[in-house]
Structures are given as C-alpha cells and as structure tokens.
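A.B. asks: I have a structure I would like to understand better, so I am pasting it below and will then ask my questions one at a time.
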Number of protein chains: 2
Amino acid sequence: MPRHADDPPLFFDAHLFVCCNRRPDGHARGSCAAKGSERLRDYMKARAKELRIPAIRVNAAGCLDRCELGPCVVIYPEGVWYRVESTADVDAVLERHVLGGDRVAELMLRAESD
Amino acid sequence: MPRHADDPPLFFDAHLFVCCNRRPDGHARGSCAAKGSERLRDYMKARAKELRIPAIRVNAAGCLDRCELGPCVVIYPEGVWYRVESTADVDAVLERHVLGGDRVAELMLRAESD
C-alpha cells in the first residue's frame, strides 16, 4: 500500500527481518533456523554496527512463509527478499544493497522461483 | 530506500510485524510481550484470515526498539507504526488501514512521540 503524504517519516531507513522460524527436523518444508538463520541474524546485527550503518534495524521474525527458499531475509520499505546462506552473503546484502543502494542479484528471491 | 524499477513485485501487499519481545518484569523500558502483544498477534492472524484479507502476512518480530510506546506493530511497505493495545485496536488497524487504505490516526506512532 502506498505511503500517504502526511505519514510520519520512516523510523528506520532499512528494516531487515531475518526469518528465525524453527521446525522439527525432517519437516517437509524445512525451516530457516534449521538452516542457520539465527547465527546469520546475530552476525548481521553485529556487522551492521561495525559498518556504522545509520538508521538500520535487524530483527528476527517468525515464519516468513518462503521456507523452501531460505534462510530468508526481507528488507523494507523496498520489500526486496534475499536468500542469505553465509556471512559472505550477509556482507554482500549490507554493503551492496543497504549501503550501496544496489541489488545483490545472485541472492535475490524472485517471483518465478516461488 | 526506494524500489528499483526491476525489483520483483511485492510478495505481500501488507506485511505486519508485531513486536513480541519480552523483557524481565520491572525492566525500565518495559516490553511489548509484557503488555500482551503475543495474544494480540494471535488475534490479528486469526482476524486477518476471518476477514479474508488477501496477500497479508502477520509476523512476530523481535524488539522493534520503540518499547515505551508498545505494544508496537509496523506495517510495510508503507512503514506506518501503531500502538495496538486491544482486540478493538487490531480490528481498527486491519479494517481501516489494511482493508480501507486509510490511517487510524488515534493509534499511530508519530515521530514527535518518540
């Protein structure tokens, strides 16, 4: 839904949600936490601080419902999704997308992969 | 950060995050879970289904860092924040903001209240 002209300014310029849902081992859909997302979330928070990125917030979230594609991260307000499987992937998302304003094409979730 | 012209379409039209962080009783900042946010999140999920709102997702989130103003909900992609204290507040946000495309002015968090 579009913003209204008199909406308050965005509270965070970059609000990142890392799926930290954990399902039992062997569940058909798998889960992001079972693929290491909690550790990656911790790293992302620390790395964002280290890079001194202003007005960013990295949050854990419940199941984002794209389990098969995870570990999933969604960045708002732009609503761009990534699969983040390693600390190198986290670095790429923070440095190229958040700081650089670019996209990390090779990690991006696309509609056609759903 | 603005969307790029070739970004994939939004995966959810309305993506709501309910802070479900819980701090120990007596913590100076308080916490949203201690103010009942988990129950309100459950109600919001059920109510969204009951209202048959398409392309909506209601997620729990870790601490959204506006603890004193909680229980907090943020709606993306528009990035509008609400204090939601009751099931009536949840109904107002779903019906007036999400379905109606309006704002629930009396519940909205504003920069000047931070």
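A.B. asks: Would you please name the residue that is least open to solvent (accessible area, probe 1.4 Å), looking only at residues in the stretch A:1-58 that are of a type in the set (Phe, Trp, Tyr) and not in a loop (DSSP other than H, G, I, E, B)?
C.D. replies: It comes out as A:Phe17.
A.B. asks: So which residues in the stretch A:83-100 are open to solvent by less than 10 Å² (accessible area, probe 1.4 Å) and over 9 Å from A:Leu16 (Cβ atoms)?
C.D. replies: Pass one, the stretch A:83-100, residues open to solvent by less than 10 Å² (accessible area, probe 1.4 Å): A:84, A:90, A:93-94, A:97.
Within the stretch A:83-100, A:Val84, A:Val90, A:His97 qualify.
A.B. asks: Another question, then. With the condition kept exactly as written, say whether any residue in the stretch A:15-23 is more than 14 Å from the chain's Cα centre (by Cα) and either within 11 Å of chain B (Cβ to nearest Cβ) or of a type outside the set (Val, Ile, Thr) (or both). Give the steps one after another, and end with the answer.
C.D. replies: We begin by selecting, within the stretch A:15-23, every residue more than 14 Å from the chain's Cα centre (by Cα); these are A:22-23.
With either within 11 Å of chain B (Cβ to nearest Cβ) or of a type outside the set (Val, Ile, Thr) (or both) added as a condition, the list becomes A:22-23.
Checking the stretch A:15-23: at least one residue is more than 14 Å from the chain's Cα centre (by Cα) and either within 11 Å of chain B (Cβ to nearest Cβ) or of a type outside the set (Val, Ile, Thr) (or both).
A.B. asks: Under 23 Å from B:Ala14 (Cα atoms), open to solvent by less than 30 Å² (accessible area, probe 1.4 Å) and without any contact (Cβ under 8 Å) to a residue 40 or more places away in the chain: is that true of A:Arg103 in this structure?
C.D. replies: The answer is yes for A:Arg103.
A.B. asks: Can you tell me which residues in the stretch B:59-72 are out of contact with any helix residue (DSSP H, G or I) (no Cβ under 7 Å at 6 or more places or on another chain) and in a strand (DSSP E or B)?
C.D. replies: Within the stretch B:59-72, B:Asn59, B:Ala61, B:Cys72 meet the criteria.
A.B. asks: Which of (1) closer than 26 Å to B:Leu109 by Cβ; (2) more than 13 Å from the chain's Cα centre (by Cα); (3) at pLDDT 95 or above; (4) not hydroxyl-bearing (Ser, Thr, Tyr) does A:Arg57 not meet, given it meets every other one?
C.D. replies: Status for A:Arg57: all satisfied but (2).
A.B. asks: Go through the residues of the stretch A:66-80 one by one and say whether even a single one is of a type outside the set (D, E, K, R), free of Cβ contacts under 8 Å to residues at least 40 places away in the same chain and buried (at least 16 other Cβ atoms within 10 Å of the Cβ).
C.D. replies: Yes, some residue in the stretch A:66-80 is of a type outside the set (D, E, K, R), free of Cβ contacts under 8 Å to residues at least 40 places away in the same chain and buried (at least 16 other Cβ atoms within 10 Å of the Cβ).
A.B. asks: Return yes when B:Cys32 is touching a Lys or Arg at 6+ places or on another chain (Cβ under 7 Å) and either of a type in the set (A, V, I, L, M, F, W, C) or within 30 Å of A:Arg103 (Cα to Cα) (or both) and no when it is not.
C.D. replies: Taking the combined requirement at face value, the residue does not satisfy it.
The values are calculated or read from the model by the stated rules, or taken from the named source; none is laboratory data. Keep in mind the model is a prediction, meaning the values are calculated, not measured. All Cβ positions, even for glycine, are placed from backbone atoms using ideal geometry, and neighbour counts span all protein chains on display. With ligands, DNA and RNA removed, areas are computed over all heavy atoms of the protein, side chains included. Shrake-Rupley method; radii C 1.70, N 1.55, O 1.52, S 1.80 Å.
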